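Following: one structure in structure tokens, then a few remarks.
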Amino acid sequence: GRNIEIQRETCKNVKTVSCGNVELEKPGNGQNVNVWVKIMHENGDVLVGRQRLSFTINKGDVIKALEICVPLMHVQETALILTDSKFCSGRAASEASEMKPGSRLLLEVQLLSVSGTLLEVKSLAEQLELISSEREKGNRYFQSKNYDLAFLCYSHALKIIESNSKGIEEIIKLLEEKVKCYSNMAACHLNTGNLEEAFTCCDIVLQHEPQHCKALFRKGKVRNSDDALGRPPDVKIAISNARIIIIIIIKNILHLCPHTG
């Protein structure tokens, strides 16, 4: 069979055991795939028995080794993938995450089917629907305090936004969703103690909406926690952000009040 070298230090080698239908297109970004997968030690001893998995290319909800290698396969192709165990942690491979660092695993993968439209050719309305769906799913995870899965959903929504190469009008329509995603990611980072990442997400939001109340508030919370990052709290900036928030709130209240002559 053919060997495919992967230049990501993830899959050391991919060897085709049986060829697939080369007349069919390989799976692409945003398409859904069904696979059989078995995870073994490098010597062939079975770690996770053969099971069926369904996932979306580049969604990030499956182990990294599959995320990278399955798009290289044809339908009905079976491949052996040699990879570092750290790229096999997560869904369908909890046992693999307990392997010693640096150990290698062997995956036997068969691509059963591919369905759905490539993300790049979906209409703007379809893309916005996908983005909104992922963000709302992330919100549900956030409300149940599952911040890791919430972050994954927001990240996938951003992937869809950032893969869009349409015109200016479409980019403007996507910007609102981008701001919402980064704002929500900042909240996830705050709740998991990732203060630097929260600060970065807030900055991205404020680049697009300088008076975004939640981003200003969260950035202020990070500033108040600066001692945890090994630097003195920046009280002046925190107070400045608080003043901006108060002004915005007052303006909103006045806007809602009826005008009197």
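Every number in this text was worked out from the coordinates using simple rules, so none of it is lab data. Because the structure is a prediction, the values reported are computed rather than measured. Methodologically, a virtual Cβ is constructed for each residue, glycine included, from the backbone with ideal geometry; neighbour enumeration extends over all protein chains shown.
Applying 1/(1 + (r/R0)^6) with R0 = 22 Å to the Cβ-Cβ distance of Glu162 and Glu23 gives a FRET efficiency near 0.10.
Between Met40 and Leu124, the C-beta separation translates, for a Förster distance of 41 Å, into a calculated FRET efficiency of about 0.40. Once the C-beta distance of Arg52 and Leu149 is scaled by a Förster radius of 25 Å, the resulting FRET efficiency is 0.70 to the nearest 0.05.
Label sites at Ser103 and Thr192, each approximated as a point 7 angstrom past Cα along Cα to Cβ, lie 2.5 nm apart. In terms of other Cβ atoms within 10 Å, Ile172, Ile81 run from fewest to most in the order Ile172, Ile81.
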